[in-house]
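The numbers here are math on the coordinates, done by the rules we state, and not lab data. What you see is a predicted model; the values in this text were computed from it and never measured. For neighbour counting, all protein chains shown are included, and Cβ atoms are generated from backbone atoms with ideal geometry for every residue, glycine included.
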Amino acid sequence: METIILRGQSKINSSLILKLAKQLNFSAKKLSIEEVEDTGIAISIAEGLNTGLLIENEKQDFLKFLKHG
């Protein structure tokens with residue numbers, strides 16, 4: 001499986017890309033700002049765990065903080 005993330009300024013062009021992706025049998029979805037932010041946080045946590053800059057219990061504490069605000 002391959003994942004591609006595109007970001008554009010034009011709603012018309014974004015819609016065209018989504019339509020083309022679906023015609024080519026790609027799974028395609030427009031993400032909300034919140035989903036983009038959540039994805040960024042998830043990637044940062046994974047990278048922190050992989051590099052050793054973040055340990056597992058710090059991850060759990062951070063996720064609890066995000067959940068409870």
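Summary of computed values
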{"read-out": "Filter result (among the hydrophobic types (A, V, I, L, M, F, W, C) and over 19 Å from the mean Cα position of the chain (by Cα)) within region 3-20", "value": "Ile12, Leu16, Leu20"}
{"read-out": "Gln9 vs. criteria part of a helix (DSSP H, G or I), of a type in the set (S, T, N, Q) and exposed (fewer than 12 other Cβ atoms within 10 Å of the Cβ)", "value": "no"}
{"read-out": "Subset tally (residues that are farther than 27 Å from Glu2 by Cα, more than 17 Å from the chain's Cα centre (by Cα) and either surrounded by 11 or more Cβ atoms within 10 Å (Cβ to Cβ) or of a type outside the set (S, T, N, Q) (or both)) for region 55-69", "value": "10"}
{"read-out": "Residue within region 30-47 that is surrounded by 11 or more Cβ atoms within 10 Å (Cβ to Cβ), among the acidic types (Asp, Glu), over 15 Å from the mean Cα position of the chain (by Cα) and not in a loop (DSSP other than H, G, I, E, B) present", "value": "no"}
